[in-house]
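Here is the structure we will look at, set down as structure tokens.
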Amino acid sequence: MALFIISGPSQSGKTTLVNLLLKEKDVHRIITSTSRKPRPGEKNNKDFYFLNESDFKDTSKFVETAIVHGNHYGTLKKELKDKLKTNKKVLLNIDVQGAKNILENYKDLPKDTITIFLTTEKLSALIERIKLRNDPNFKERIETIKKELKYIPLFKYIINTSISLEESLEQIKAVVFDNKKKLKEVEEFTKNFDKEKFLNS
């Protein structure tokens, strides 16, 4: 049993990399819950559990909950416990606020839980990715990214998603499958990541 909490700012590549990791043998994903409407192509019980706002009132059912851009998000306790019972490598793809909540408040996390933060080398690269989406919450998302960086110390590893998708995937696989040789690249990027430099880039 191993739990990997994977987080990062908007457009950092979380969903793409997690979906690619799920193609590996013995890797499962915890399905999180949201009150937002499904986006095109998204399916209930596969991409998210699409719930009503009222379902989030009973917080005892959740490991953590958060409101992001006006929508409720959360991780159901039953979902987490059921996935951990499988003795597979379990991925939790979650926004930074949710990761902070679960790490600080949930006492039953496995002791060997590993935290991974995904980000581009420069803030300008994230901004360009968000622009390409024509996101109506553009300014709000940029402010959220700046706030999220305060929680970098909660994460053991930082993965660079400015490199090729294939290389980013190899680096995150190095963490999940403990590839010591490749892991050195991740540790080097983590060690040298400078929050202030990132914000001014």
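The numbers here are math on the coordinates, done by the rules we state, and not lab data. As the structure is a prediction and not an experimental result, all values here were calculated from the model. Here Cβ is always computed from backbone atoms with ideal geometry, including for glycine, and neighbour counts include all displayed protein chains.
Things to note:
- Sequence-distant lysines (8 or more away, or on other chains) whose Cα lies within less than 24 Å of residue 147: 14, 100, 122, 131, 139, 156, 191, 195, 197
- Computed lengthening from residue 196 to residue 164, 0.36 nm per intervening residue step minus Cα-Cα distance: 9.1 nm
- Net dipole in debye of the chain [+1 Lys, Arg Cβ; -1 Asp, Glu Cβ; about Cα centre; nearest 20]: 300 debye
- Summarising the label geometry, the points placed 7 Å from Cα in the beta-carbon direction at residue 61 and residue 112 lie 3.2 nm from one another.
- Listed residues 61, 156, 181, most fluctuating in the chain (Gaussian network, C-alpha, under 10 Å): 181
- Charge-dipole axis of the chain as Lys and Arg at +1 and Asp and Glu at -1 on Cβ define it, positive-most pick from 16, 45, 96: 45
- The chain - mean residue ellipticity at 222 nm from DSSP helices (-39,500 (n - 2.57) per run, n ≥ 4, rounded to 500): -11000 deg cm²/dmol
- Put simply, the amide H of residue 28, placed in the peptide plane, has neighbours under 5 Å in 89, 90, 91, leaving out anything fewer than 5 places away on its chain.
- Virtual spin-label span in nm between residue 187 and residue 23, 7 Å along Cα→Cβ: 2.9 nm
- Distance between modelled label sites at residue 131 and residue 147, nm, 7 Å Cα→Cβ extension: 2.4 nm
- Modelled FRET efficiency - R0 22 Å, residue 42 with residue 140, Cβ distances, 0.05 increments: 0.55
- Centroid-to-centroid separation of the stretch 151-190 and the stretch 113-147 [C-alpha atoms, Å]: 18 Å
- Extents of the chain, taken as max minus min of Cα coordinates on every principal axis and listed largest first, are 41, 40, 32 Å.
- Antiparallel %, DSSP beta bridges [both residues in the chain], to 5: 30 percent
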